[in-house]
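Notes follow once the structure below has been shown.
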Amino acid sequence: MKFNVKFPLLCFVIAAMSLCAQSSDSLQKIMKERGLSERDVLAAVKTYTPSGVKDQYYAFSSGGQSGQVIVYGIPSMRILKYIGVFTPEPWQGYGYDEESKKILEGASIRGKQVTWGDSHHPNFSEKNGEYTGDFIFINDKANPRTAVIDLKTFETVQIVSNPVLKNTHGGPFVTPNTEYILDAAQLAAPFEDDYVPIEAYEDRFRGGVTLWKFDYSKGRIDEKNSFTLELPPYMQDLSDAGKGPSYGWAFTNSFNSEMYTGGLERGLPPFEAGMSRNDVDFLHVYNWQTLEKLSKDSKNYKVINGHKVITIDAAVNANALFLIPEPKSPHGVDVTPDGKLIIIGGKLDSHESVYDFAKIKKLIDAKEFVGKDSYGIPILDLQKSLHGQLELGLGPLHTTFDAVDGIAYTSLYVDSQIVKWNYRDMKVLDRVNVNYNIGHLDSIEGKSAKPLGKYAIALDKLSIDRFLPVGPLHPQNHQLIDITSPKMEVIYDMPIPLGEPHDMVSISAKKINPLKTLQMGTDSRSGNRHEGMTLAGQERVERNGNKVKVYMTAIRSHLNPEHVTVNKDDEVTIYITNLERAVDETHGFGISGLNIHASVEPGRTVSVKFKADKEGVFPYYCTEFCSALHLEMMGYLYVKDPNKKYPDYKAVAISKLSKGDLEKEYQKIIATNSATDSVIQSVVGFLQKNKYEKYPAVKQNVDDAFVQYGSIKDTKAKADAAYKKGDINQAILWEMQVWQYMVKTADVGLRAKAQLERELATPMSTASKRGEDAFHTGGCSGCHVVGQVSSGPDLTGVLLRHENGEQFVYDFIISPEKYYNNPYIDAMIKAFNLRMPNQNMKAGEVKDIIEYLKWVDENAGIY
Ligand code: K7E
Ligand code: CUA
């Protein structure tokens, strides 16, 4: 393999990164120390994403046996979130708060709650075959369930369990306008829930594909209007929906057309031997639009477990179900972006088989069949259905597509490779080794009607020797591959330490627009207002018999109420509302020893419920480090036995200070509060003068600040009342609370002010924008903070402070050491105890920085 990047080019790359010439020496040094090749450095440049910079693409990967979905960014491969789906996830309170418990309980299998899932295939909602970025669907193979994740909140909002299939795999594959979500069976079993001996396999065991109707406007699966197509017990596998010319049709593989049932204990060869005996299995071809019509007339279906199952006969009679032989025990089936061809991974056959939908349709229309299977399903001729077959290597499994027409990437499980090939003229173009044993693979929006290409991601099953060893259970390996040039190149390895992800999908970040906070009082799982929404001042405890409801609020940095007393055996529900409006000010709520936890994001109302079956004192507290007083964000739940007598305790006097000392302390806090208030007033004045309400993001923060500020009046009244009564100690405590509100008001207010300043600032020229970057990357911001004196002086007005300012600043940045004896500079050095170092800046960079400083001055009135 050739790799022609020589030092000068690398130098150019580095120069383009606006590092100074000298840095290439240190780069060489680091490369040597770390044993990096030039190719490694290029790979790093392709994936490295500086602090604060966001990725271009989102990846949503299945979390395998963890039952979760893993979200990460491409190309940085930084993990962003694990979304709890089939499995409880404590951080998000998923499976611990009442709203999410309901979702998990809704996913019970025959009344039994299953707390793990084997998630395989995440897929996006689609419009015209293109990803919309509104929803992600994911299946659980082990316990046949399908989940809906709303990408406004990145939360699971629904899980449905399959009423007739006992094990599914070919799902959730989405039709081009998200009309239906396919969920195909894998391990055949009786539809009914009763016992059936294996001897009745051909009679009573069945495969099938469930078509879950999706109500896009509600964002939920409509179980009533969903149905299943009965299929022979051929062990169906992966599926895909047609699009374009194949719109309305869907395709499902199978691997046991032999209907072999094994039985080592009966002296028979195992499943694996009998299931791979025939040279071919069956590709199922069916028309979901016709099936939808059949589902409206009861003569076409049986109702099993309250669910419509369209019979094989009804589907065959309506010309909606056909079989085509496919090379033995295939795995993946992928419809090309244009919907014209269907690519089937050989698994036990070294070929990819490409079927031509136009040819299939012609055979169907002409009713040209080579026979019927034992269930009466017409079989089409393999050769007449094929566009072609191409030998790719050992164990071809899955395929994804490039932005360039005709280019596909296929994983080879046994060979541990990705093959790039052209499915139009059936030619292999390139291969790259991956580490090791790849299953699915993806390219950006690769399975949609409009793939973007750019990167491929290999989902490797084994990592073996790639990472620091962590015991006999090894992480999986996701490898990022640059596919922009003819030769594929692995540029990043990311261990996935959470289950075995089978598949993933990726999407342009522009298509994902999640909420940053919630509307006050929202139940995030339903999107509606929560019945337990509690605003400031509405906090209370209500009792009805032995049912106790606590309406609690959380705001930096206290929970209200802070003490809750209930009787033993009460049934307690606590509703918690986070009153914050500021982004990322999440509070958590945990009670010690009761297996209770909730995550309460700004605006959210969530509830927890438990039976207080043990007497005692149970501390509760906020579980997110939300502010400097986070540890103080706590309270106690007391569970009393109503039949027991408890001794009486008198509250102990808190303060041992003399009256005079108390008075001094009181005056001090009064002074602090009035000083803090004047800061707030100046911020408020600025915000109001500049019409903050016109800028939604700013308004959100200002509103939040006002919520904090609004609490001051009552608190202050309490302080004054206590002072009047002569309880100075109490007055001090209330004044301290006033100060807490003020600090939080000021905190959010200043954030809003900074935001507004940005909004109001004159637009930056390209040069000043470059200058700002150089200011940061060149190290200036290490000592200088614009608008503020820091380790170095504030640079606002620096161009005006000196005679011939621009020239002076330019010369000073280029060679500061020449000025160390200049009296003004010398005074500065003494004041800051620091000398401006030579940052080895380029002339162009310094000029840009001066443009940036001019922009700062233009906006200095605001800074
Ligand atoms: Cu090939 Cu479930 Cu799609 Cu595993 S599946 S790899
Ligand atoms: Cu709220 Cu910690």
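Table for the structure above
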quantity	calculated
Apportionment of accessible area to carbon and sulfur, segment 639-755, percent (1.4 Å)	59 percent
Sequence-distant residues sharing a close amide H with LEU80 (under 5 Å, placed H)	VAL71, TYR72, GLY73
Point-charge dipole on Cβ atoms (K/R +1, D/E -1) for the chain, about Cα centre, debye to 20	1500 debye
Charge dipole (the chain, unit charges on Cβ, about Cα centre) - positive-most of THR777, GLN389, SER353	THR777
Rounded Å value of the spacing that divides the Cα centres of segment 102-181 and segment 228-284	22 Å
Kirkwood Rh and Cα Rg combined as Rg over Rh, evaluated for segment 579-654	1.07
Calculated on alpha-carbon atoms, Rg and Dmax of segment 220-325 in Å	16.2, 50
Chain lengthening between ILE464 and ASP811 when straightened (0.36 nm per residue, less Cα-Cα)	119.3 nm
Most to least packed among 847-857, 304-314 [average Cβ atoms within 10 Å]	847-857, 304-314
Extension gain, MET634 back to ALA536 (0.36 nm per residue minus Cα-Cα distance, nm)	33.5 nm
Per residue, the convex hull volume that the Cα atoms of segment 528-675 enclose (Å³)	155 Å³
Dipole axis of segment 59-188 (+1 Lys, Arg; -1 Asp, Glu on Cβ), positive-most option in PRO163, PRO75, ALA142	ALA142
Base-10 log of normalised Debye intensity for the chain (one unit scatterer per alpha-carbon) at q = 0.07, 0.10 Å⁻¹	-0.73, -1.19
Zone of THR115's modelled label, taken as backbone nitrogen in segment 600-643 under 20 Å from a point 7 Å along Cα→Cβ	607-614
With 5 Å bins from 0: P(r) over segment 148-203, alpha-carbon pairs, percent	4, 15, 18, 21, 16, 10, 7, 5, 3, 1
Taking segment 433-576 and dividing mean pair separation by its residue count, relative contact order in percent (alpha carbons under 8 Å, at least six apart)	16 percent
Helix axis angle, 696-710 relative to the chain longest principal axis, alpha carbon, degrees	50 degrees
Over 26 Å (Cα to Cα) - which of LYS361/LYS447; LYS46/LYS769; LYS152/LYS450; LYS46/LYS243 fall in this group	LYS46/LYS243
Segment 465-526: projected area of the alpha-carbon convex hull, averaged over directions, in nm²	8.2 nm²
Built amide H within the under 5 Å cut-off of HIS530, gap 5+	THR522, ASP523
Set LYS611/LYS640; LYS362/LYS384; LYS81/LYS213; LYS213/LYS510; LYS516/LYS549 screened for pairs whose C-alpha atoms are more than 19 Å apart	LYS81/LYS213; LYS213/LYS510; LYS516/LYS549
Inter-label distance for LYS691 and SER51, nm, one decimal - labels placed 7 Å from Cα along Cα-to-Cβ	3.7 nm
Karplus (6.51, -1.76, 1.60) ³J(HN,Hα), θ = phi - 60°, over segment 589-603, in Hz, Gly and Pro reported as x	9, x, 10, 5, x, 10, 6, 10, 8, 9, 9, 10, 6, x, x
Cα-based helix-to-principal-axis angle, 7-16 vs the chain, degrees rounded to 10	60 degrees
Pair ASP365, MET764: separation of 7 Å Cα→Cβ label points (nm)	5.9 nm
Relative packing of peptides 95-102, 601-608 - highest average C-beta neighbours within 10 Å first	601-608, 95-102
Amide H contacts of HIS387 (H built 1.01 Å from N, under 5 Å, at least 5 apart or other chain)	VAL354, TYR355, ASP356
C-alpha center-to-center spacing [segment 760-835, segment 405-425] in angstrom	55 Å
Karplus 3J(HN,Hα) series, Hz, for segment 400-405 with 6.51 cos²θ - 1.76 cosθ + 1.60 (x for Gly, Pro)	9, 10, 9, 5, 7, 4
Accessible heavy-atom area order of LEU229, LEU80, highest first, probe of 1.4 Å	LEU80, LEU229
Computed helical MRE - 222 nm, the chain, DSSP H runs ≥ 4 contributing -39500 (n - 2.57), nearest 500	-8000 deg cm²/dmol
Estimated FRET transfer efficiency (GLU391, ALA200; beta-carbon r; R0 45 Å; 0.05)	0.65
ARG581 accessible area, assembled protein chains, probe 1.4 Å, Å²	80 Å²
Rg/Rg_globular for segment 754-822, with Rg_globular taken as 2.2 N^0.38 Å and Rg from C-alpha atoms	1.22
Cα-based Lys proximity count in segment 275-357, under 29 Å, for pairs eight or more positions apart or on separate chains	7
0 to 90° range, to nearest 10: angle between helix 766-777 axis and the chain longest Cα axis	80 degrees
Mean separation of Cα contacts under 8 Å (6+ apart) over length of segment 344-474, as relative contact order %	18 percent
Accessible area per residue in Å² at 1.4 Å probe, computed on the chain	45 Å²
Accessible area of MET828 in the full protein assembly, 1.4 Å probe (Å², nearest 10)	50 Å²
Rounded D (µm²/s) - segment 109-244, Kirkwood Rh over Cα pairs, Stokes-Einstein at 37 °C, 0.692 mPa s	217 µm²/s
Of all accessible heavy-atom area on segment 338-412, the percent that carbon and sulfur account for (1.4 Å)	54 percent
³J(HN,Hα), Karplus 6.51/-1.76/1.60, whole Hz, each residue of segment 341-346, x for Gly, Pro	10, 10, 9, 10, x, x
Sequence of HIS474, HIS563, HIS802 from largest to smallest accessible area, 1.4 Å probe	HIS563, HIS474, HIS802
FRET E, pair SER592, ASN821, Förster distance 41 Å, beta-carbon r, rounded to 0.05	0.05
From the C-alpha gyration tensor of segment 699-756, square roots of 5λ in Å	28, 9, 5
Intensity falloff of segment 394-541 expressed as log10 I(q)/I(0), Debye formula with alpha-carbon point scatterers, at q = 0.08, 0.15 Å⁻¹	-0.35, -0.77
Rounded Å value of the spacing that divides the Cα centres of segment 43-69 and segment 469-497	12 Å
Net dipole in debye of segment 208-270 [+1 Lys, Arg Cβ; -1 Asp, Glu Cβ; about Cα centre; nearest 20]	260 debye
Tensor-based shape of segment 310-383 (alpha-carbon gyration tensor, a/c under 1.5 rounded, otherwise prolate or oblate)	prolate
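The values are calculated or read from the model by the stated rules, or taken from the named source; none is laboratory data. From a predicted model like this one, the values you see are computed outputs, not experimental measurements. FYI the Cβ positions are ideal-geometry reconstructions off the backbone, even for glycines, and counts take in every protein chain you see. Remember, those area values only see protein heavy atoms, side chains included, never the ligands or the DNA or RNA. Shrake-Rupley method; radii C 1.70, N 1.55, O 1.52, S 1.80 Å.
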